[in-house]
Structure formats: structure tokens, C-alpha cells
Amino acid sequence: MEDKYQNIEKYVNGDLSGQELVDFEKRLEEDDSLAEEVKLFRQVKESISDQLVHEQDEESLKGTLTEIGSQFFEEKKKEATIRPLFRRFLLPATGIAAAILLLIIVRPFQGSLYNQFGQMPTAAFIEQGNAQEANLLQAQQAFNQKDYQAAKDVFQQYLTRESNKDDVEIQFFLGLSHLELEEYAQAESIFQSLHEGNSAYKNEGTWYLALNFLKQKNRVKCREYLELIPEATSHYDEAQILLRKIRNKN
Amino acid sequence: MSPSPSPHSDQKYIQALLDNDRKGIQEIYEKFSKRIRQFVVSNNGSAKDAQDLFQESLIAIYQKARKSEFVLSCPFEAYLYMVCRSKWINELNKRKKVGVTIEELKGFSNEEDANTLAEETERAQEQDILFQTEFNKLSEGCIKLLSLSWKGEHMEKVAQQLDVSYAYARKKKSECIAKLMKRIRASSDFERLTRGEI
């Protein structure tokens with residue numbers, strides 16, 4: 001009996017050969033309890049080996065899941081860390097955003113969905129009297145006065161300079177200008193890259209990507225991106241309302 | 001379940017778990033966590049319960065997927081939901097909340113493949129836990145010896161590392177396996193699991 005498991009393990013590992021293998025297979029056929037034992041042993045060994053081999057990988061994966069999970073399930077934390085980065089234009093706008101939200105809820109149907117939701121933020125990336133960027137100041141004023149063509153030209157020029165090309169804030173406002181000018185492909189490519197990136201404008205990228213599709217009446221795509229906006233970030237509440245409205249329209 | 005020739009395009013989520021790929025995993029949470037949270041919260045659970053459940057279910061899926069060639073034949077969300085659902089029902093039973101009607105998420109009632117796959121996943125995990133539990137109850141000597149050997153080390157090397165003779169190591173190993181098999185057969189969970197299937 002002592003070498004019972006030696007034989008079983010050899011058999012399971014494929015290490016039996018010749019007469020030994022023939023004998024063992026004959027016994028397997030005749031002895032149901034041996035066959036059952038082989039089956040269970042195979043399962044046990046595979047299971048334990050699998051756990052031993054992947055122990056560390058599984059621990060690392062758990063680490064990742066815990067970290068990412070806490071971002072998504074712990075409430076109202078994300079916004080607090082993002083907000084300071086947005087303060088240049090978002091903070092003055094949050095009160096307004098709340099008012100707009102109220103307006104959307106109270107007046108359920110006025111014009112297209114895009115007109116209800118496609119609110120342009122106020123550009124405030126440059127302070128009065130910053131002579132170095134006189135052009136940008138003009139572009140900012142143009143943008144705020146809805147002269148998107150003029151604003152766009154300046155933003156584009158500004159971004160062609162090597163030192164400025166990674167300025168996500170100007171990219172974002174260029175994207176908005178394209179959106180308002182109905183240059184959807186250009187708008188999409190900018191918002192897409194913000195959406196995929198990790199800057200403070202990531203979330204803005206997702207939201208305006210959705211609106212860019214909404215304006216083209218592509219509700220399916222619009223929904224897809226709205227659903228990606230994480231809870232407890234700016235635009236989440238608006239996104240939920242808009243999602244509901246799109247569903248009701250279908 | 002017969003594996004389909006080409007996997008569902010959501011196979012990428014399985015791959016993300018296997019690779020511990022942050023970006024892919026982030027996407028899993030972005031896309032699917034909200035509805036699972038909704039499911040748990042509307043069925044007597046908290047947001048924290050939902051987080052734990054979501055994580056445990058992803059681990060179960062990962063464990064299933066790493067075992068052998070794994071082909072996802074249905075949408076990932078349906079599969080994930082079925083795993084979460086069954087785990088949550090178990091949890092409610094543990095908390096003695098038996099007989100409660102489950103408030104289902106909509107849109108997954110026709111996912112036969114997802115259901116089958118989720119059942120297999122649950123079973124495989126229960127079996128792993130059972131084997132692991134009994135394994136851990138062995139003597140320290142047995143655990144050491146079997147661990148080295150079953151990680152793929154040759155028995156001659158194992159004997160060297162444990163500073164015993166090759167013949168002794170082989171004999172000892174056979175004894176350890178016999179003990180493990182006996183323990184597993186004697187456990188009440190084994191009976192439960194066997195009655196379920198095998």
C-alpha cells in the first residue's frame with residue numbers, strides 16, 4: 001500500500017511506461033475505487049499546484065483591486081482631490097452648474113438635449129494684464145463672447161509652439177471651440193485624447209466626448225461615454241439625468 | 001459548456017485580470033461596478049459589501065481563468081453579475097437572511113452561458129478552498145515537502161533542500177498525500193460538493 005500514491009502520482013504525471021503502465025491501466029479498469037482515487041488526486045494536485053504557483057500574482061492582483069475598488073466604491077472622495085486642479089475655471093462655475101442642473105430638472109423639455117446640456121464653461125485661464133500672453137487673453141474674451149472661430153485660431157496657433165503643445169487646458173478649450181463650430185472630428189480627437197489621458201481634464205474629456213456625439217444625434221455613442229463618468233466626480237449628476245432622458249427618448 | 005471557436009470580445013477583461021493590467025481593470029470598475037453596487041444595495045447590503053463582493057467575484061473569475069484555456073462565450077458583465085449574484089445569495093444565507101426575494105438586475109435573464117460559467121466558477125472555487133483548507137491542516141513537514149514538490153521541484157532537489165535522503169523523501173511524500181486525501185474525503189464540505197456533482 002505504501003507506494004499506492006507513488007504509482008498514482010507517476011501515472012498522473014505521465015511517468016509510467018511499458019509494462020508498469022499496462023499493469024496500472026488494467027487495474028484502473030478493474031478497480032473503480034482506484035479510478036476514483038486517481039480522479040480526485042488529479043484534482044487535488046492541480047488545485048494545490050495552481051494555488052502555489054500563482055500565490056504571489058494573486059496577492060498583487062488583490063492589491064490592485066483594493067486600490068481601484070476604493071476609488072469607485074468609497075463615496076465622494078475623488079472630487080476632493082481633483083478640485084484644486086480645476087480651480088482656475090471650475091470653482092467659479094460650480095454654483096452656476098448647480099443652477100443649470102436645477103433648470104434642467106425644473107424645465108424638462110426645451111430645445112434639443114444638446115442645447116440643454118451643452119453648457120460652455122467660462123474660460124478664465126489667463127488673468128487680465130498678463131502681457132506675455134496677450135493673444136490668449138483675446139482668445140479667452142472671444143471664447144466667452146461665443147466667437148469660437150476667432151478663439152480657435154489663436155488656440156491652434158498657441159498649441160503649435162513646441163513648449164505649449166502639451167497644455168491640456170488650451171487643448172480642452174480648442175476642443176470646445178471645434179464642438180461649437182460643429183467640427184466634430186477635430187473635437188472628437190481632442191476629447192478622446194483627454195479622455196484617455198490622466199490629466200485634470202480626463203473627466204471633462206469624457207463628458208464632452210459624450211456631448212460631441214449627442215450633438216451629432218449619435219445617442220448610442222453618447223450613452224457609452226456617459227456611462228464611463230465615475231460617481232462623485234463633476235458631471236456625474238448631469239450625466240445620470242442625461243442618460244435617463246436619452247433612455248426615455250428611445 | 002463547449003468552448004466557442006472565437007471568444008467574446010469581452011475576453012479582454014479576462015486578460016486584464018490575468019495580466020494584472022491596471023488600465024483594463026480600471027475599465028472593469030468604470031463600466032460594471034455601478035450596477036453591482038445597485039444590486040447589492042437593493043438587496044440588504046452596503047456600499048462596502050458591494051466593494052468586497054465585486055473584488056471577490058473578480059478574484060474567483062481570475063482563478064477560474066488562470067487554470068486552463070478559458071474562453072469567454074458570453075458578455076463579461078453577464079458572467080460577472082451571475083458570479084456576484086450567487087456569492088451574494090450565499091452571503092445573505094450566512095447572515096440568516098433566508099427566504100428574501102432577490103431584486104434582480106434587468107437584462108441578464110437570457111444569459112444561459114453566463115449562468116453555466118458562473119456555476120462552474122463557483123464550484124471550482126469552493127473545491128479549491130476545500131483542498132487548500134485541508135492541505136493547511138497537514139503537519140509542517142508535509143506542507144513543506146508537498147509545496148516544494150508540487151511547485152515543480154524534482155524530488156531529488158526537494159530531498160536536498162529538506163536535508164533528508166531521496167528514499168525517505170519519496171516515502172514521506174506518499175504518506176503525506178495519503179493523509180491529505182483522507183482528510184479531504186472526511187470533510188463535510190467534500191460530501192456536500194460531491195453530492196452537488198463530480
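The values are calculated or read from the model by the stated rules, or taken from the named source; none is laboratory data. These numbers come from a predicted model, not from an experiment. FYI the Cβ positions are ideal-geometry reconstructions off the backbone, even for glycines, and counts take in every protein chain you see. The protein model used for the area step is the full one, side chains on, heavy atoms only, and it has no ligands, DNA or RNA in it. Shrake-Rupley method; radii C 1.70, N 1.55, O 1.52, S 1.80 Å.
At pLDDT below 85 and crowded, with 17+ Cβ neighbours inside 10 Å: does that describe B:Phe76? Show your work before the answer.
Numbers: at pLDDT below 85: no; crowded, with 17+ Cβ neighbours inside 10 Å: yes.
No, not satisfied.
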Residue identified as open to solvent by less than 30 Å² (accessible area, probe 1.4 Å) and at pLDDT 90 or above among A:Leu136, A:Leu226, A:Leu181: A:Leu226
Residue check for A:Arg27: more than 7 Å from every other protein chain (Cβ to nearest Cβ), open to solvent by 30 Å² or more (accessible area, probe 1.4 Å), touching a Leu at 6+ places or on another chain (Cβ under 7 Å) and in a helix (DSSP H, G or I): yes
Test: residue in the range B:135-143 that is open to solvent by 60 Å² or more (accessible area, probe 1.4 Å), modelled with pLDDT of 90 or more and either in a loop (DSSP other than H, G, I, E, B) or in contact with a Pro (Cβ under 6 Å, 6 or more places away or on another chain) (or both): yes
Test set (1) in a helix (DSSP H, G or I); (2) at pLDDT below 85; (3) more than 22 Å from the chain's Cα centre (by Cα) - A:Phe155 fails condition number: (2)
Given (1) open to solvent by 10 Å² or more (accessible area, probe 1.4 Å); (2) more than 7 Å from chain A (Cβ to nearest Cβ); (3) in a loop (DSSP other than H, G, I, E, B), index of the condition B:Arg35 fails: (3)
Residue ID - farthest from B:Ser9 (Cα to Cα), chosen from residues in the range B:78-90 that are of a type outside the set (Phe, Trp, Tyr) and in contact with a Leu (Cβ under 7 Å, 6 or more places away or on another chain): B:Lys87
Single condition A:His235 does not satisfy, out of (1) on the phi < 0 side of the Ramachandran plot; (2) touching a helix residue (DSSP H, G or I) at 6+ places or on another chain (Cβ under 9 Å): (1)
Selection within the range B:38-70 - open to solvent by 40 Å² or more (accessible area, probe 1.4 Å), more than 25 Å from A:Gln56 (Cα to Cα) and in contact with an Asp or Glu (Cβ under 8 Å, 6 or more places away or on another chain): B:Ser42
Filter pass, B:Ala169 being over 24 Å from the mean Cα position of the chain (by Cα), aliphatic (A, V, I, L, M), under 18 Å from A:Ser47 (Cβ atoms) and not assigned by TED's automatic domain parsing to the domain that holds B:Glu119: no
Some residue of the range A:217-238 being in the same structural domain as A:Asn144 (by TED's automatic domain parsing), touching a residue at least 40 places away in the same chain (Cβ under 8 Å) and more than 21 Å from B:Lys34 (Cβ to Cβ): no
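How many residues does the range A:196-211 hold that are in contact with a His (Cβ under 8 Å, 6 or more places away or on another chain) and in contact (Cβ under 8 Å) with a residue 12 or more places away in the chain? Walk me through how you get there before you give the answer.
Quick first cut of the range A:196-211, residues in contact with a His (Cβ under 8 Å, 6 or more places away or on another chain) only: A:202-207, A:209.
Adding the requirement that they be in contact (Cβ under 8 Å) with a residue 12 or more places away in the chain leaves A:203-207, A:209.
Result for the range A:196-211: 6.
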In the range B:145-197, the residues that are at the interface with chain A (Cβ under 8 Å from one of its Cβ atoms) and not in a helix (DSSP H, G or I): B:Lys151, B:Gly152
Only listed residue being open to solvent by 60 Å² or more (accessible area, probe 1.4 Å), closer than 21 Å to B:Ala65 by Cα, more than 7 Å from chain B (Cβ to nearest Cβ) and in a helix (DSSP H, G or I), chosen from A:Glu36, A:Glu46: A:Glu46
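If a residue has to be in a helix (DSSP H, G or I) and surrounded by 16 or more Cβ atoms within 10 Å (Cβ to Cβ) to count, how many in the range A:13-24 make the cut?
Within the range A:13-24, residues that are in a helix (DSSP H, G or I) and surrounded by 16 or more Cβ atoms within 10 Å (Cβ to Cβ) number 1.
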